[in-house]
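**Student:** Have a look at this one before I ask anything.
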Amino acid sequence: MSDKSLDIFLMVLFGMGGITVLIVAWAQPMSVPERILTIAIGSTGLLWVLGRALSLRSRLAKIGIGKNLVEVEMEKKPQ
């Protein structure tokens, strides 16, 4: 199994970056073309995060994490 920590770190980084860019796009006074470009950049970051999250989730579902649990039965020792 491969390590997913880099994927999770990048998703957090791009997600926070995309949200920050969108907040700045609506908080700062700017012309319409600049605002459209800024919104496109912020939305691209969020869409990338969504795609990676769905990809990571589908990979975990294919592995079947949590589906192959081992059942253990214990017997009491006679005293």
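Throughout, read-outs are computed from the coordinates displayed, never taken from laboratory work. Being a predicted model, the structure only gives us computed values, none of them experimental. Please note: Cβ atoms are built from the backbone with ideal geometry, for glycine as well, and neighbour counts cover all protein chains shown.
**Student:** Using the basic label-point model (7 angstrom from Cα toward the beta carbon), what is the L47 to K77 distance in nanometres?
**Tutor:** 6.5
**Student:** Find how much the distance from D7 to I19 grows on full extension, using 0.36 nm per residue of separation minus their present alpha carbon separation; answer in nm with one decimal. Spell out each step's value before the answer.
**Tutor:** Details: separation 12, 0.36 × 12 = 4.32 nm, distance 1.80 nm.
2.5 nm is the gain from fully extending D7 to I19.
**Student:** Then there is this: Just the ratio, please: alpha-carbon radius of gyration of the stretch 5-63 over 2.2 N^0.38 Å, N its number of residues.
**Tutor:** Details: Rg = 14.1 Å, N = 59, 2.2 N^0.38 = 10.4 Å.
Here the answer is 1.36, to two decimals.
**Student:** Hey, what did the stretch 5-63 get for relative contact order, percent, Cα under 8 Å, at least 6 apart? All intermediate terms of the calculation are to be shown ahead of the outcome.
**Tutor:** Numbers: 35 pairs, mean separation 25.8, N = 59.
With pairs under 8 Å counted, the relative contact order is 44 percent.
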